[in-house]
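Colleague: The structure follows.
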Amino acid sequence: MAKDRDERLAVLIDADNAQSSVVDGLLEEVANYGTAQVKRIYGDWTRPNLSGWKDVLLRHSIQPRQQFAYTKGKNATDAAMVIDAMDLLHSGRFDGFCLVSSDSDFTPLAARIRESGLKVYGFGEQKTPDAFVAACDKFIFTELLKDEAPGALPPARLGTKELRGDANLVSLLRKAAEDAADDDGWAELSSVGNTINKRAPQFDQRNYGYAKLSDLIKATKLFDVQDRLVGDGPSKRFYVRDKRHASVD
């Protein structure tokens, strides 16, 4: 995914609701959206269950923030992360935030950041509540980012029949292409992708076994596709059109 500009991002990780095995892939994913100028992680580092984070934090220069659990049953870590996020937000130094957690308690934080006109990229497990997912501009499931164990396989690539049998996927792709289309029914792929993100922040073509959105769209065989040259140079832009539109031309 190409970046329109080098966005300045703050990466905030909830250690109680994230796994150290995702960090390598997570930071690679963050680099698709901008530069992580701040990388902080929050937790009670006196607890033995967080000891596995040490090497990861040193390797990636992620700054740990200590937060003791003052009262049993209350999550002081969440409060510390929210307070820090608001301080960073009001500094005016960032274009967006990456919130790493599967905890729905961060839903209001994501909404508040977006109200200020900044992007929010969420990262969490597939069990993440829908409210938090919907509060983000883009949400990436961390199952796609984990360090692969020897012999581990990526998500199976679904074929045309399976893709077309997924009614939600077909509806999402068709509506996004329709919303982004010109008078002739053609839509630039980047516009289609942006529309998909607005409709379904959790969408990711990798869940279907495809590295690129263009490859997924081609595999459905529901769209006509074109590669158009840009100006006199070698650059190309990918356009799609619902085949049903062509039938009424």
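Colleague: If you look at just the Cα atoms of the chain, how large are its Rg and its Dmax in Å?
Modeller: 20.2, 68
Colleague: Which of rounded, prolate, oblate describes the range 111-207, given a ≥ b ≥ c as roots of the alpha-carbon gyration tensor eigenvalues and a/c under 1.5 marking rounded, otherwise prolate only if a/b is larger than b/c?
Modeller: Oblate, since a/c reaches 1.5 and b/c is not below a/b.
Colleague: For the pair ASP55/ASP179, report the inter-label distance in nm, with labels modelled 7 Å from Cα in the Cβ direction.
Modeller: The two pseudo-label positions are separated by 4.4 nm.
Colleague: Right, another one. In the range 8-144, how does Rg compare with the Kirkwood Rh, expressed as the Rg/Rh ratio over alpha carbon atoms?
Modeller: 0.93
Colleague: Same structure again: If you take every residue apart from ALA176 with its C-beta less than 11 Å away from the C-beta of ALA176, what net charge results, scoring Lys and Arg +1 and Asp and Glu -1?
Modeller: +1
Colleague: Nearest 5 is fine: what % of DSSP beta bridges in the chain come out antiparallel, could you say?
Modeller: Percent antiparallel among DSSP bridges in the chain is about 25.
Colleague: Mind checking the full-extension length gain between MET86 and ALA111? Use 0.36 nm per residue of separation minus the Cα-Cα distance, one decimal, nm.
Modeller: 7.8 nm is the gain from fully extending MET86 to ALA111.
Colleague: On the principal axes of its Cα set, how long, how wide and how thick is the range 160-246? Give whole Å, largest value first.
Modeller: If we take the Cα atoms of the range 160-246, the spans are 39, 26, 25 Å.
Colleague: Please go through the residue pairs LYS175/LYS243; LYS212/LYS236; LYS119/LYS212; LYS146/LYS198 and name each one whose alpha carbons sit more than 19 Å apart in this structure.
Modeller: Correct reply: LYS119/LYS212; LYS146/LYS198.
Colleague: Still on this structure, I have one more. Name the residue from ALA110, GLY159, GLY92 whose Cα lies farthest towards the positive end of the charge dipole of the chain, charges +1 on Cβ of Lys and Arg and -1 on Cβ of Asp and Glu.
Modeller: GLY159
Colleague: For ASN197 and ALA156, what does the FRET efficiency come to when R0 = 22 Å and r is the distance between their Cβ atoms, rounded to the nearest 0.05?
Modeller: Efficiency computed from Cβ-Cβ geometry: 0.40.
Colleague: Related question: Give me the aspartates and glutamates in straight-line cross-link reach of LYS39: C-alpha distance below 17 Å, same-chain residues under 8 apart excluded.
Modeller: The reachable aspartates and glutamates, counting only those whose Cα sits under 17 Å from LYS39, are ASP6, GLU7, ASP14, ASP16, ASP24, GLU28, GLU29, ASP55, ASP78, ASP84, ASP87, ASP95.
No value in this document is a laboratory result; all are computed from the given coordinates. Fair warning: this is a prediction, and the values are worked out from it, not measured in the lab. Ideal geometry is used to build each Cβ from the backbone, glycine not excepted, and the neighbour counts take in all protein chains shown.
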